[in-house]
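Q: Below is one structure. I have some questions about it.
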Amino acid sequence: MNSIVSTVPRIDIEHARFNMVEQQIRPWDVLDPVVLDLLMRIRREDFVPAGHRALAFADLEIPLGHGETMLSPKLEARMLQELGVQQDDSILEVGTGSGYMTALLASLGRHVYSVDIVPDFTRAAAPRLSAAGIRNVTLETGDAARGWDKHGPYDAIVLTGSVPVLPESFQSSLKPGGRLLAVVGAAPAMQARLITCAGNNAFRTVALFETCIAPLKNAQQPQRFVF
């Protein structure tokens with residue numbers, strides 16, 4: 001008896017991937033050809049939980065379990081573009097999640113140190129990255145919401161969850177010329193910022209766009225004044 005495999009035809013997957021790039025990502029000002037090519041090459045569907053695979057290319061956040069979600073494709077792409085990863089970059093990623101952003105960063109930079117507070121995410125990302133042929137990644141489980149200087153200083157740092165207050169420890173972990181991308185604020189008013197180390201403890205901050213994403217667990221909270 002012939003077995004029937006329930007899968008989406010490959011041509012349909014490629015069409016969905018193309019539509020994701022052309023209809024979601026390009027209109028969100030992601031125009032870097034290197035980033036766009038990478039989004040066509042790295043198989044996002046392989047990093048989505050099996051029960052949500054049909055939503056791999058949809059313009060939404062996909063549940064990962066443990067109360068966490070995978071960022072929308074256009075936000076992942078925009079963050080990657082704004083970070084401007086270079087071939088020799090040593091990168092810190094705070095929040096491994098599905099491992100998809102990890103794969104994108106590793107495909108552009110020299111090495112990615114990715115940290116997640118949820119052990120299940122670290123364990124699940126490892127075989128996904130290996131299957132994609134990505135080896136230049138160190139996965140660690142830990143609480144990096146307030147910094148992770150273990151492998152620093154870094155050329156690039158990206159926080160995949162928001163922080164109400166951005167800890168100074170992240171800026172201190174940047175090399176001269178290093179870039180930090182973080183979403184700062186509280187819902188519903190959050191702002192994606194790119195912070196560049198100009199050297200000698202000097203930093204330049206650029207406000208990129210408004211968005212709203214889930215906060216990192218144990219993120220630093222603003223001081224409350226008691227009268």
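Bear in mind these aren't lab numbers, they're just calculated from the coordinates by the rules spelled out. Computed from a prediction, not measured in an experiment: that's the story for all the values here. All Cβ positions, even for glycine, are placed from backbone atoms using ideal geometry, and neighbour counts span all protein chains on display.
Q: Whole-Å semi-axes of the stretch 94-227's equivalent ellipsoid, largest first, each the root of 5 times a Cα gyration tensor eigenvalue?
A: Equivalent ellipsoid of the stretch 94-227: 25, 18, 14 Å, largest first.
Q: Arrange LEU159, LEU166 by Cβ neighbour counts within 10 Å, fewest through most, would you?
A: By the 10 Å Cβ count, ascending, the order reads LEU166, LEU159.
Q: Around LYS175, what is the net charge, scoring Lys/Arg as +1 and Asp/Glu as -1 over all other residues with Cβ under 14 Å from its Cβ? Provide the component values of the computation, followed by the final result.
A: Working: positive: ARG110, ARG179; negative: ASP88, ASP89, ASP149, ASP155.
Taking every Cβ under 14 Å from that of LYS175, the sum is -2.
Q: Among LYS150, LYS74, what is the fewest-to-most ranking by other Cβ atoms within 10 Å?
A: Result, fewest neighbours first: LYS150, LYS74.
Q: Next question, about the same structure. For the chain, take the longest principal axis of its alpha carbons; what is the angle in degrees between that and the long axis of helix 10-19, to the nearest 10 within 0 to 90?
A: Approximately 40 degrees, to the nearest 10.
Q: Follow-up. Taking amide hydrogens as modeled 1.01 Å from N in the peptide plane, which residues meet the under 5 Å criterion relative to THR69, leaving out close sequence neighbours?
A: LEU64
Q: Over the chain, what relative contact order in percent results from Cα pairs under 8 Å that are six or more residues apart?
A: The value is 14 percent.
Q: Further question on the same structure: Just rank PHE47, PHE18, PHE209, fewest to most, by other beta-carbon atoms within 10 angstrom.
A: The order, fewest Cβ neighbours first, is PHE18, PHE209, PHE47.
Q: Among all the lysines, which ones have a C-alpha under 24 Å from LYS217's C-alpha, if same-chain residues fewer than 8 places away are not counted?
A: Hits, sequence-local ones excluded: LYS74, LYS150.
Q: Relative to 2.2 N^0.38 Å, what does the C-alpha radius of gyration of the stretch 31-136 come to as a ratio? Two decimals please.
A: For the stretch 31-136, the normalised Cα radius of gyration comes out at 0.99.
Q: Among MET40, MET101, MET70, which one shows the highest mean-square fluctuation when the chain is modelled as a Gaussian network with alpha-carbon springs under 10 Å?
A: MET40
Q: What does the net charge come to around GLU93 if you take all other residues with beta carbon closer than 12 Å to its beta carbon, with K and R at +1 and D and E at -1?
A: For residues surrounding GLU93, the net value is -4.
Q: Rank GLY142, GLY185, GLY199 by mean-square fluctuation in a GNM of the chain with C-alpha springs under 10 angstrom and give only the top-ranked residue.
A: GLY199
Q: Could I ask something else about it? How compact and how long is the chain, expressed as Rg and Dmax of its alpha-carbon atoms in Å?
A: For the chain, the Cα radius of gyration and maximum Cα-Cα distance read 17.7, 77 Å.
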